[in-house]
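The values are calculated or read from the model by the stated rules, or taken from the named source; none is laboratory data. Bear in mind that the values here come from a model prediction, so they are computed numbers and not experimental data. Neighbour counts run over all protein chains shown; Cβ positions are idealised from the backbone, glycine included. To get the accessible areas, we keep the full protein, side chains included, count just its heavy atoms, and leave off ligands, DNA and RNA. Shrake-Rupley method; radii C 1.70, N 1.55, O 1.52, S 1.80 Å.
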Amino acid sequence: MSHRRGPSALALVALMLAMSMSPMTVVAQDEVTCCNSTDFNLYLMGEADVGTLSPFEGDLEEDVDDSESTLVTPSILGEINIGTWGVVWGIEGSYPNASWDFWIPYDVEGAVGVTINSTLEVKIGGSFYEGTSGIDPYLTGSGELQITVEVDQGEVRDGDLIELTLTVRSLMFAQPGDEAGIRFFWGSEEHDAHVSMRFPLVDIEMKDASVLGRLVYFPIVLTSGFDDRMWSGSTGGIAVQNADVSQMPIATGLDNGVEVTFVWEVPETSEGGNVRVDFHLIPQSGLRIDTSRTHEITIGEDTGNTGGWYPANEPLRTGGSSLDLDIEAKWDGYKIDREVIISFDGAMSQWMRWGLDNIGNQSLSSNSWWRNLNSYSDSVPSADKHNGRVDDSELLALQGHLTGSASNMRSFLSNGLSLEVEAIVGVNPIDLGPTEIIIDMGGTRAFSADAITIVIDTSYSTESGERQVLVETFVRSSLEEYWTEVDLDAEIRATMLEDLGAVSADEIEYSHRRWLIVEVITIDQPELDPELDFRLEFQPSGNTMFSSLFGAMFCVLILSVSLGLGMSLTKKRASVPALVTVVALGGLALVIYVLGLPMPIVLGVVLSSVLLVFPVALVSPKQETMQLISKRKGGPHIDCPACGTSVPVESDVRPLRLECPNCKSMLRVEE
């Protein structure tokens, strides 16, 4: 039974010993390898002069505006090179006689149509093939230009260049305008220019399984010229005994390929025997590559004590990971206290667990971030090195490295986790005060994809009037996709005597609230686009009058003054208009105060109540006028001679006797 082992002799011996102690065994069979030539598409990518070819639809740009293009106009004579696209092939194999179909979108501009003579040259190593679009096709509007190239059977070698060159000549435009031309597009989902071909794409090797306790490890090697992209750029998985394995596999980089190891936990009811493993890989829609292998397994109890299994090589970080970023900050007028909680799982968790257990491993590749910790090798006891789990000494070594200098923290977050440190902590790490970093490995120290939590507790000084960043785009732009799911929760609070000032946000939603003794800005984005370019800033004014507490007190004071003025100015007039004005402006001020609009606007609204109450009071009708209006509205009235009460006359009968409702006097109406 063969299986790839780690670079450390100690790790090799420990793992072999653990496997030898396990009663579960796997009977080795011949390794299963596939595949022959496959029908697939290579998509045109990149600029015309340095174009590349890719079999992964995920590499195409989503936005049509990001399409690459070349414009050909009537003023360009002779043969015109539209573009050259190539890729170095990474596997050997034979390819059969086949017709390769080339498709590229076009758009005729400023003309009714164009007659075109186009040629596609295909280079495979030292072999050359050529095809044309036929006898001068006439192109109109928008569409796709198709060229078929007949390719003879042959052999492709590791390192051969596959290259496509598209040229056009003899363009004749029908009714051309001043800006006539034909534009060719490629590189986006809308403009997916490609060549359909039959060619060896990937070698899949299903290696012998390994076992540890009731866990069985199925390593599968994918060899191609696309390195780990053949796995990270595709979708795939395995089924054991026709049941899908949902646990995330372990991906490790190899020369010209990637090894993907799936972990299967043997059911308690299983009695072992022949176990069929079916693997599938989908690099692009319409292309599914399947292969299978049968292992004979004997089940028993594990007596090993390694606590888990680690891959031989450093795991890749591109297998898919979820990131949860939680920021809690507090502004007190002098400094900002900030707690950053970074939680992640998946491939990034596997990479970090493996790296912590390999601190001081001198055989790591030169581009491995964990080589930075070689100086901490002496702080990790020999018993803790490469023992299949993360130990306290290894965690302390990493925490000491991160808190040792700002550059170490930047290197880990940027080069290790692919996160922008300034976007997370708010400032350059050099400007941070005392910083504490705690790493929590979650429920297990063994190798797994379980979540890891990193807590950064820090602070930094700032001054009022300076624009501050709460959070901005924190996922680094990279050719590799490390984070597939991102959640963001961010919050900053100001004390009752400070304000957060004006808030500016680009491409992100937020909530800004005041609650008398606290002002808070909150962001809650459960499904944040990792590629979204966003930013949220705030600018404290430093004016105590604009704080949540003093601002509210001043508003109440001004509204009380407005109310008092209104009542004093309307002693002999109707007071309702003045009261309504003050109450309405007070309600408006309350709403914009709670919604977090700038405090000068809130104070401006309440101050306007003082200014408006004067004209409102002056134009309010007098009480005598109101009484007259009331009389007119209620019909004829007479005034009681005894008490002056206005008594309505509700009958046309004359003479009429009425009783005053106030003094009970009898009144007589004769006319």
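Note on the chain: lysine pairs with Cα distance below 17 Å, sequence gap of 8 or more or different chains, count 4. What a 1.4 Å probe finds exposed on the chain is 50% carbon and sulfur by accessible area, rounded to a whole percent.
Computed from the C-beta positions of Val469 and Asp639 and an R0 of 60 Å, the FRET efficiency is 0.20 to the nearest 0.05.
If you bin all the Cα-Cα distances of the range 347-491 at 5 Å, starting from zero, the percentages per bin are 2, 8, 17, 21, 20, 16, 9, 4, 2, 1, 0.
Spin-label model, Ser170 to Val556: label points 7 Å out along the Cα-to-beta-carbon direction sit 9.0 nm apart. Other residues within the sphere of radius under 14 Å centred on the Cβ of Ser511, judged by their own Cβ, net out at -2 (K and R +1, D and E -1). Summing charges over all other residues whose Cβ lies under 10 Å from the Cβ of Gln539, with Lys and Arg as +1 and Asp and Glu as -1, gives -2. Taking every DSSP helix (H) stretch of at least 4 residues in the chain, weighting each as -39,500 (n - 2.57) and dividing the sum by the residue count yields a mean residue ellipticity at 222 nm of -6000 deg cm²/dmol.
Between Cys35 and Glu339, what FRET efficiency comes out of the Förster formula 1/(1 + (r/R0)^6) with R0 = 60 Å and r the beta carbon distance, rounded to 0.05? FRET efficiency, Glu339 to Cys35: 0.75. Separation of the range 72-87 from the range 455-525 is 49 Å, based on Cα centroids. Along the axis of the charge dipole computed for the range 331-440 (Cβ charges of +1 for Lys and Arg, -1 for Asp and Glu, origin at the Cα centre), the listed residues Ile438, Phe344, Ser382 are led at the positive end by Ser382.
Place a +1 charge on the Cβ of each Lys and Arg in the chain and a -1 charge on the Cβ of each Asp and Glu, then give the dipole magnitude about the Cα centre in debye, rounded to the nearest 20.
Here the size comes out at about 4200 debye.
Rolling a 1.4 angstrom probe over the protein heavy atoms with all chains in place gives the chain an accessible area of 47 Å² per residue.
Note on Leu516 and Asp244: their simple-model spin labels are 5.4 nm apart, each label 7 Å out from Cα toward Cβ.
Of the residues Ala174, Met197, Gly187, the one whose Cα sits farthest towards the positive end of the charge dipole of the range 155-200 is Ala174 (charges of +1 on Lys and Arg Cβ, -1 on Asp and Glu Cβ, taken about the Cα centre). If you take the alpha carbon atoms of the chain and fit the smallest convex hull around them, that volume is 313 Å³ per residue.
The relative contact order of the chain, computed from alpha carbon pairs under 8 Å that lie at least 6 residues apart in sequence, is 10 percent.
The listed peptides 448-455, 138-145, ordered by packing as a protection proxy, come out as 448-455, 138-145 (highest mean of other Cβ atoms within 10 Å first).
The range 236-251 and the range 415-429 have Cα centres lying 35 Å from one another. Averaged over residues, the count of other Cβ atoms within 10 Å places the peptides 148-155, 222-229 in the sequence 222-229, 148-155, highest first. Between Leu479 and Glu47, full extension at 0.36 nm per residue minus the direct alpha carbon distance yields a gain of 153.9 nm.
Across the range 146-239 the C-alpha pair distances fall into 5 Å bins from zero in the proportions 2, 7, 12, 14, 14, 13, 9, 7, 7, 6, 3, 2, 1, 1, 1, 0 percent. Charge dipole (Cα centre; +1 on Lys/Arg Cβ, -1 on Asp/Glu Cβ; no other charges) of the range 453-581 amounts to roughly 1840 debye. Each residue, Thr269 and Phe128, gets one label point 7 Å from its Cα in the Cβ direction; the gap between the two is 6.6 nm.
Here the range 274-413 is treated with +1 on each Lys and Arg Cβ and -1 on each Asp and Glu Cβ, and its dipole about the Cα centre works out to around 540 debye. Over all other residues within a Cβ to Cβ distance under 12 Å of Ala446, the charged ones net out to 0, with Lys and Arg as +1 and Asp and Glu as -1.
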